[in-house]
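The values are calculated or read from the model by the stated rules, or taken from the named source; none is laboratory data. Since the structure is predicted, the reported quantities are computational estimates derived from the model, not experimental observations. With ideal geometry, Cβ positions are generated from the backbone for all residues, glycine too; neighbour counts draw on all protein chains shown. Only protein heavy atoms, including side chains, enter the accessible area calculation; ligands, DNA and RNA are left aside. Shrake-Rupley method; radii C 1.70, N 1.55, O 1.52, S 1.80 Å.
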Amino acid sequence: MLYQTVAEHWPAFLERAEEHGGLPRFVVKEFEEYLRCGRLEHGCLHLVCRECGYSELVAFSCKQRGFCPSCLGRRMADTAVHLEQSVLPRVPIRHWICSLPWGLRALLGYDRKLCAEVVSAFMGEVDRSLRWRAKRELGLASVADAHTGGVVAVQRTDSALRLNVHMHALELDGVYVHENGDPRSPLEFRELAAPTHDDIVEVAARTAARVERILRAHGRSLDPELGDDTPPELALDEPGLAACYAAAAQGVSVSGDRAGKPPLRLIASPDPPARPRAADATDEPIAEVRGINIHAAQVVDGRDRRRVERLCKYITRPPVAQERLERRPDGKLELSFKRAWRDGTRALVFEPADLIPRLVASVPPPRWHLLRYFGVLSSHSSRRRLVVPAPPPDPVANRPPPARGDQLELLGDKDDAPAPRKRWAWLLAHVFAADVETCPRCSGPMRWAEVARTRAQITRLLAEHGLGARAPPRERIRKRVPEQMVLGFGKE
């Protein structure tokens with residue numbers, strides 16, 4: 001359903017945007033590559049069984065970072081396996097979540113430097129809290145004797161596909177210390193007691209103060225009571241992108257009879273049971289200060305590696321789950337949630353065209369890092385090699401299957417090239433249980449016979465396998481674009 005909606009409405013949306021300045025190249029490339037993802041007519045790999053001669057074609061993937069569920073699902077699995085096997089040690093790990101004020105959503109979605117500083121400010125306060133708690137609980141001579149570590153995943157959207165930049169951090173629930181404070185002695189991990197509500201309030205308050213200082217340094221201001229602060233330079237340089245960011249951040253419809261209003265909600269119960277707000281609890285590690293909301297109630301045992309991997313998948317999950325998007329009999333889309341909201345809302349109903357601006361806002365700009373490392377887990381830390389686990393030996397997973405002749409150079413498998421963490425074929429098997437390296441007929445090994453990139457190669461392979469030379473063209477349905485679309489393209 002996601003692919004059908006994008007294929008139907010993206011061409012007309014792009015045409016309308018081009019009339020008012022267009023969209024950035026990275027957004028257009030994201031959508032165009034997604035529409036080519038998994039299509040044999042845009043390039044494929046020819047595999048042949050070494051034993052029985054069985055032949056099949058495997059289409060190329062787009063490998064983008066925005067919203068493609070399959071490619072981001074494989075990227076999620078790759079990141080989770082890497083974090084579990086090569087980064088996170090076997091110690092208690094606490095899951096920290098930091099949500100930011102509404103007025104920062106569009107701003108941080110565009111300004112990667114500002115977003116990086118806000119992430120560093122939050123992690124800096126978490127680090128400070130752990131160090132001072134360690135000094136009190138462990139009787140350290142100085143907070144400098146405590147060494148922390150964490151990994152942060154930045155999510156751009158929430159469950160309703162609204163632009164909502166927030167952070168998920170996996171922080172080691174304790175500190176590493178040298179015996180007697182001697183840097184030459186081995187590192188030892190010391191677990192700390194769970195943070196109290198007062199500890200989280202302090203982290204939230206100090207984070208809010210640092211964020212306000214960062215905003216002032218960038219010449220910006222923040223009022224949590226105001227709406228989303230769309231950067232003025234973005235509105236001038238990229239009016240189309242600014243309009244999409246504003247609509248996605250506010251969560252409003254841009255077409256149909258609810259243009260400019262929030263989409264319809266499906267309520268699970270007309271009178272949902274009241275639940276106390278987590279931030280009001282006085283004994284939970286949860287707090288909110290001036291729009292900075294921090295939640296640190298979840299902790300996992302680092303020895304449970306399967307649970308650690310599941311948590312890593314959760315913080316790096318794609319923005320769109322295809323199984324939760326379906327078309328209703330009236331032609332509208334229904335986006336269901338994994339968990340109902342506090343007011344009982346279980347799904348949103350909106351026009352298909354309303355999905356495009358939210359997908360545009362989910363695409364990260366170039367060099368906008370989605371995963372960052374801090375403390376002893378960062379690459380520049382001299383103590384990193386002492387705390388991270390040694391990855392299990394898996395030479396097969398890090399080498400491509402045999403190929404012939406110049407195919408090795410064509411696919412970038414040179415001797416001096418760095419080996420990837422996991423091959424794409426391994427991720428296909430790990431995520432979708434699709435083993436493209438094993439023959440489905442005799443279970444023999446499959447080999448790379450040819451990589452089809454040109455139109456002549458693709459047409460010949462498709463003909464040899466009894467497939468059409470090209471897929472039916474996508475129809476550009478202009479009549480589907482509502483005249484009352486309220487995106488502010490070209491506003492002065």
ASP158-LYS63 FRET efficiency (beta carbon distance; Förster radius 35 Å; 0.05 resolution): 0.90
3J(HN,Hα) from dihedral phi, the stretch 326-335, Karplus parametrisation 6.51/-1.76/1.60, rounded to Hz, x for glycine, proline: 9, 9, 7, x, 7, x, 7, 9, 10, 10
Neighbourhood net charge (9 Å Cβ-Cβ; Lys/Arg +1, Asp/Glu -1) for LYS63: +2
Per-pair calculated FRET efficiency, R0 = 25 Å: SER86 and GLU179 via Cβ, rounded to 0.05: 0.45
Net charge of neighbours whose Cβ lies under 14 Å from the Cβ of PHE337, counting Lys and Arg as +1 and Asp and Glu as -1: +3
Length added when fully stretched, VAL451-ARG190, from 0.36 nm per residue minus Cα-Cα: 88.7 nm
Difference of contour (0.36 nm per residue) and Cα-Cα distance, ASP237 to ARG216: 5.3 nm
Virtual spin-label span in nm between LEU371 and ARG290, 7 Å along Cα→Cβ: 3.3
Surface share of carbon and sulfur [accessible, 1.4 angstrom probe, percent] for the stretch 1-114: 46
Local net charge near GLY256, Cβ-Cβ under 9 Å (Lys/Arg +1, Asp/Glu -1): -1
Å² per residue, accessible surface of the stretch 1-85 at 1.4 Å: 37
Gain upon complete extension [GLU137, GLU323; 0.36 nm per residue less C-alpha separation]: 62.2 nm
Carbon + sulfur, % of accessible area of the stretch 131-227 - ligands and nucleic acids excluded, 1.4 Å: 46
